[in-house]
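For reference, the structure discussed in these notes is given below.
All of the numbers you see were taken from the coordinates with simple rules; none came from a lab. It should be emphasised that the depicted structure is a prediction, and the values quoted were computed from it without experimental measurement. Note that we place each Cβ from the backbone using ideal geometry, even for glycine, and neighbour counts take in every protein chain shown.
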Amino acid sequence: MWRDGREVELSGRKMRAMLAALLLRANHVVLTERLVSMLWGEQPPPTAVAQLHKYVSQLRTKLGPECIVRHGAGYQLHIGQNALDLHVFDRGVRAARAALDAGRPAEAAQEITAAQTLDRHGLTPPGRCC
């Protein structure tokens, strides 16, 4: 994760797992119940929701308060269009499929090769996560 051109270090497995869960559903609400289940499984501790709120608070401190927003019974991580390698990869694959469907195999090959060789260092880290 990057913020203001610097890599953000995250400590603890649960905080990293929570960030991963939010990133996989970036710009969508992830229910608190789902996050608890992902972090602790079928038998979460009685303090799971309180711990989850603590992780959100810590992530907000590191990423900026506007990046993780509470929506009803869940949280939403706001990120820009090119902030996540997965999104850039998916767009490359869709472009390759479209080119192939349109009868442009050379263009399709270029698109899929670019998607497969995606390297975070080739992308400009976003100034903010949001």
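Here are the numbers for this structure:
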| read-out | value |
| --- | --- |
| Shape of the range 2-74, Cα gyration tensor, a/c cut at 1.5 | prolate |
| Charge dipole (debye, nearest 20) of the chain; +1 at Cβ of Lys and Arg, -1 at Cβ of Asp and Glu | 400 |
| Degrees, to the nearest 10: 105-116 long Cα axis against longest axis of the chain | 30 |
| Folded to 0 to 90 degrees: helix 48-63 orientation relative to the chain principal axis, Cα | 50 |
| Cα-centred dipole magnitude for the range 2-77, charges only on beta-carbon of K, R (+1) and D, E (-1), debye, nearest 20 | 80 |
| Nearest-ten-degree value, helix 13-24 long axis tilted from longest Cα axis of the chain | 50 |
| Förster-model FRET efficiency, 35 Å R0, GLU42 and LEU100, C-beta, rounded to 0.05 | 0.25 |
| Debye intensity ratio in log₁₀ form over the Cα atoms of the chain, taken at each q of 0.16, 0.20, 0.21 Å⁻¹ | -0.84, -1.08, -1.15 |
